[in-house]
Amino acid sequence: MSIPLSIATSSLKRLLNGDTVSPHPLLPLAYPWAWEHYLNGCANHWMPNEVPMGRDIELWRSDTLTPEERHVITQTLGFFATAEGIVGNNLVLAIYRQVTNPECRQYLLRQAFEEAVHSHAFLYIIESLGLDERELYGTFRSVPTIAEKDAFELRLTEALLDSSFSTVTDDGMRRFVCNLVGYYVIMEGIFFYTGFAALLSLHQRNRMTGIGEQIQYILRDETIHLNFGIDLINGIKAEQPEIWTPEFQAEITALILEGIGVEQASAQALFPGGLPGMTREQCHQYIRFIGDRRLERIGLPRQFGVANPFPWMSEAIDLPKEKNFFETRVTDYQHAATLQWED
């Protein structure tokens, strides 16, 4: 017996708990925001090996960089080298299985590719500079603050990999939202942004510009990841308002505050002496600032009320045309006016 198209389409178009394996009709779009995020991601397409690294190699081999700058570079690269893989694994193994809407899945496939590109970028940087690969890829074990961040995220993935996990129940739906908050809001929206700020502070002073240009492109990707994740979280809240109880809001707030605390401890280790234009105290303030922004975007009250100490981070997202190292590629978003940037 054939299933009426209207019924089949209705089942497939749900954000969650639709048919997971049937053909995915993208039209009619149920969630245009998901398709727009997909198109914006495509408009920012780039590949790491197209970024020249000659100046970075020369600077790294010289005695110009201070020990503090070298520490920030190696520790931040060490975190990102494996963190992008953790995000990719969570996307493929946990999130994609539960999100059944086709346009959202289309975006998730694009995001998974971008995570692979980002992993490629950090491998390319590490190889270009001739860094100790074993040391940097082992920081998730050898550096306590990086290990803590990874463990924070991995426990959220493990909760969804249990064979009995389902989003059919309210409790399962809440656990899934916790995963989305942990990865989109905390990992990509707080942990990553702090690392980006650290590396871009060097770029601000014309140091390690090859790394800086790649981070600008990664930051633009991650901004779309963050916006998609927030739209997905808010979409689930709108469709399943019964899960958004005061108790669950308090749980999500506590999870984000825990992530902020983990990242502040990491910043403490990353900036023992600070950098020109980026002190440890400023970094802590930035973490609290973006934490407030993330809370507000999912409908929760701010906790800190502090100003942004690094306004240049907003400028870093809007990659200027004079830094276009693609001769035949468009580097500006096709629909930049419609995007909501995060700083």
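Computed from the coordinates by the stated procedures, all read-outs in this text should not be read as laboratory data. Small disclaimer: the values here were computed from a predicted structure and weren't measured. Counting neighbours? That spans all protein chains shown, and the Cβs are built from the backbone with ideal geometry, glycine included.
A few comments on the model shown:
- One decimal place: the segment LEU93-GLN268 gains 59.8 nm when fully extended, by the rule 0.36 nm per residue minus the C-alpha distance.
- Across the chain, the mean sequence separation of Cα contacts (distance under 8 Å, 6 or more residues apart), normalised by length, yields a relative contact order of 22 percent.
- Between helix 280-297 and the chain there is an angle of about 20 degrees, using the helix long axis and the longest principal axis of the Cα atoms.
- Angle between the chain longest axis and helix 32-43 axis [Cα atoms, degrees, rounded to 10]: 30 degrees
- Nonlocal amide H pairs with LEU16, under 5 Å, H built at 1.01 Å: THR100
- For the chain, the longest principal axis of the Cα atoms and the long axis of helix 209-239 meet at an angle of about 20 degrees.
- Each residue of segment 112-123 was assigned a 3J(HN,Hα) from its phi angle through the Karplus expression (A = 6.51, B = -1.76, C = 1.60, θ = phi - 60°), giving 4, 4, 5, 4, 5, 4, 5, 4, 4, 4, 6, 4 Hz with x at Gly and Pro.
- Fully extended contour minus Cα-Cα distance, from HIS120 to ALA250, at 0.36 nm per residue: 43.0 nm
- Projecting label points 7 angstrom from Cα along Cα→Cβ for LEU257 and GLU68 puts them 3.2 nm apart.
- Highest average first, the peptides 304-313, 275-284 ordered by how many other beta carbon atoms sit within 10 Å of their residues are 275-284, 304-313.
- Each of the peptides 208-216, 160-168 was scored by the mean count of other Cβ atoms within 10 Å over its residues; in descending order, highest first, they stand as 208-216, 160-168.
- Cα-centre dipole for the chain with unit charges at Cβ (Lys and Arg positive, Asp and Glu negative), debye to 20: 240 debye
- Per-residue HN-Hα couplings for segment 79-84 [Karplus 6.51, -1.76, 1.60; θ = phi - 60°; Hz; x = Gly/Pro]: 5, 5, 4, 10, 5, 4
- Shown here is the pair-distance distribution of segment 74-168: with all Cα-Cα distances grouped in 5 Å bins from zero up to the longest one, the shares run 3, 13, 20, 18, 19, 13, 9, 5, 1, 0 percent.
- Within the chain, helix-based [θ] at 222 nm, where runs of 4 or more DSSP H residues each add -39,500 (n - 2.57), nearest 500: -20000 deg cm²/dmol
- Sites ARG302 and THR279, calculated FRET efficiency, Cβ-Cβ separation with R0 22 Å, nearest 0.05: 0.45
- Pairwise FRET efficiency - ASP19 versus ARG155, Cβ, R0 = 35 Å, nearest 0.05: 0.75
- Diffusion coefficient, µm² s⁻¹, Stokes-Einstein with Kirkwood Rh over alpha-carbon pairs of the chain at 4 °C and 1.567 mPa s: 62 µm²/s
- Each label point was placed 7 Å from the Cα along the Cα-to-Cβ direction; for ARG61 and VAL168 their separation is 6.2 nm.
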